[in-house]
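The values are calculated or read from the model by the stated rules, or taken from the named source; none is laboratory data. Small disclaimer: the values here were computed from a predicted structure and weren't measured. In this analysis, Cβ positions are derived from the backbone assuming ideal geometry, glycine residues included, and neighbour counts consider all displayed protein chains. Calculation scope for accessible area: heavy atoms of the full protein, side chains included, ligands and nucleic acids excluded. Shrake-Rupley method; radii C 1.70, N 1.55, O 1.52, S 1.80 Å.
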Amino acid sequence: MRVIKWGIMGAGNIATKFATALRSMEHTELTAIASRNINKAEKFAERFHIKKSYGSYEELAKDEEIDVVYIATPHTEHKANGALCIVNNKGVLCEKPFTINKEESQYLIDLAAKHNVFLMEAMWTKFLPVTNTVKNWIREKKIGEVKHIRASFGYNTPYDINSRLYDPYTAGGALLDVGIYPITYACYLLDKLPDSISSSAIIGKSNVDEQNVIGLQFDNGVLANLSSAIAADTGDDAIIIGDKGKIHIPNFWNAQKAIVYNNEDVIVDTVELPFMSNGYEYEAEEVNVCLRQGKKQSSIHSLNDTLDIMKILDEIRKQWGLKYPQESE
Ligand SMILES: NC(=O)c1ccc[n+]([C@@H]2O[C@H](COP(=O)([O-])OP(=O)(O)OC[C@H]3O[C@@H](n4cnc5c(N)ncnc54)[C@H](OP(=O)(O)O)[C@@H]3O)[C@@H](O)[C@H]2O)c1
């Protein structure tokens, strides 16, 4: 089987997790790491036994040996970093959120089409085996007709203007960091986009959303009650409520378990699917499969899916009157 050769751009927090996943996979080689700082790249390379380390992103993008680059930089860098890889004919797996708004996403998608290269947003939750089971349960009407979805992803991290989470110049705030998960999850499980969106947010002193609530209404009579936070521990469970029971997914965004209850609150089914590594291997395997098949996008998380979710995120921010500094003329 063809070995897929990966490079990682940006040697930060999520890059270490993704490197761990890649190192656990067969027919997969983590070939190069690029940081803006060569010492940092070398340390990362040593830790993960990577043969090439680069002190600039350009060198990675131009490396002829690399099939695909995983972009692990802050949201606001994704457009430029993605474009750098695409114009050098590299496939791209770009961290979520794909970009800070729909316009930037469309730019990358058009560029990838022009250069005929693979492109995907790293929305790893959609590739988890438990997510797949939950989606099948809903399709099979295990809980009857879905009526309501409740999902949150919120944690409490102290205010720090130097953190990308609170810094408006890195498009900080809850919506793009974690709010994207419950929104994507609800739309994916229902196979639908909402007809209407209502939302409110607490915008903090650094002008990013510290917490938010989002209501989505779908044309089949389903309501989704979603929320996210960086300044309040709202938990990270999802509950899908049907007319014949409900499904509880603890830690839905990195789920390894789901439980089905009937209307009497009795457990009628449970699935437990521990990760082979740390969960990031499933999205990486999707990329490997697509590249071996010559596909330019994933059918599980297509570029249209990314655009649809970006449109929702843009609409929500419009309701709050929230723009990032890069968006203001
Ligand atoms: N899928 C998930 O579960 C998950 C989890 C966490 C984060 N993420 C996403 O991954 C992305 C990175 O998040 P992270 O938590 O890994 O961030 P992080 O720890 O701050 O790392 C980001 C890295 O990007 C590079 N970088 C390039 N331009 C930068 C700039 N202007 N400012 C700061 N760093 C810059 C730096 O690497 P060098 O110094 O080596 O160049 C930095 O270490 C975000 O878009 C986030 O939404 C996804």
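Annotations for the structure displayed:
- Heavy-atom accessible surface of segment 12-118: percent carbon and sulfur, 1.4 Å: 44
- Sites Asn136 and Asn207 - FRET efficiency at Förster radius 35 Å, r taken between beta-carbons, to 0.05: 0.25
- With Cα atoms, 0 to 90° folded angle of helix 180-190 axis to the chain main axis: 60
- Contour excess over end-to-end distance, with Cα ends at Asp110 and Asp237 and 0.36 nm allotted per residue: 42.2 nm
- In order along segment 48-61, the phi-based Karplus estimate (6.51 cos²θ - 1.76 cosθ + 1.60, θ = phi - 60°) of 3J(HN,Hα) comes to 10, 6, 9, 6, 10, 10, 10, x, 8, 6, 4, 4, 5, 4 Hz; Gly and Pro are listed as x.
- Amide H contacts under 5 Å for Glu121: Cys94, restricted to partners 5 or more places along the chain or on a different chain, H placed in the peptide plane at 1.01 Å from N.
- Using alpha-carbon coordinates, inclination of helix 129-139 to the longest axis of the chain, degrees: 40
- Overall Cα dimensions of the chain - principal axes, largest extent first, Å: 58, 49, 37
- Just checking the listed ones, Ser105, Ser228, Ser299: in the Gaussian network model of the chain with Cα springs under 10 Å, the one fluctuating most is Ser299.
- Within a Gaussian network of the chain (alpha carbon springs, distance under 10 Å), most fluctuating of Glu26, Glu77, Glu281: Glu26
- Where Rh is the Kirkwood radius over Cα pairs, Rg/Rh for segment 214-258: 1.01
- Taking amide H as placed 1.01 Å from N in the peptide plane, Asn101 has no amide H partner under 5 Å among residues 5 or more places away or on another chain.
- Using a Förster distance of 30 Å, the FRET efficiency for Ser24-Glu65 (Cβ separation, nearest 0.05): 0.90
- Nitroxide proxy distance, nm - points 7 Å out along Cα→Cβ at Glu145 and Val268: 1.7
- Tensor-based shape of segment 199-290 (alpha-carbon gyration tensor, a/c under 1.5 rounded, otherwise prolate or oblate): oblate
- Computed with a 1.4 Å probe on the full set of protein chains, the accessible area for Val3 sits at about 60 Å².
- Given a 1.4 Å probe and the protein chains as shown, Asp236 ends up with an accessible area of around 30 Å².
- Beta bridges per DSSP with both ends in the chain, % antiparallel, nearest 5: 55
- The length gained by stretching the chain between Asn39 and Asn278 to full extension, at 0.36 nm per residue less their Cα-Cα distance, is 83.4 nm.
- Segment 4-123: relative contact order as a whole-number percent, Cα under 8 Å and 6+ apart: 23
- Distant-in-sequence amide contacts of Ile8, defined by a placed amide H-H separation under 5 Å and a gap of 5 or more residues or a different chain, comprise Ala32, Ile33, Ala34, Tyr70.
- Per residue, the convex hull spanned by the Cα atoms of segment 242-329 measures out at 196 cubic angstrom.
- Per-residue 3J(HN,Hα) values for segment 69-84, derived from phi via the Karplus relation 6.51 cos²θ - 1.76 cosθ + 1.60 with θ = phi - 60°, read 10, 8, 8, 10, 9, x, 3, 5, 9, 4, 4, 5, 5, x, 4, 4 Hz in sequence order (x marks Gly and Pro).
- Stokes-Einstein D for segment 4-123, Kirkwood Rh over Cα pairs, 20 °C, 1.002 mPa s (µm²/s): 154
- Phi angles of segment 237-243 translate, via the Karplus equation with coefficients 6.51, -1.76, 1.60 and θ = phi - 60°, into HN-Hα couplings of 9, 10, 10, 10, 10, x, 7 Hz per residue; Gly and Pro are given as x.
- Shape class of segment 105-204 from the Cα gyration tensor (axes a ≥ b ≥ c, square roots of the eigenvalues): oblate, since a/c reaches 1.5 or more and a/b does not exceed b/c.
- Of Ile267, Ile309, Ile143, the one that fluctuates the most in a GNM where the chain has Cα springs shorter than 10 Å: Ile267
- Segment Glu46-Lys244, length gained on full extension (0.36 nm per residue, minus Cα span): 66.0 nm
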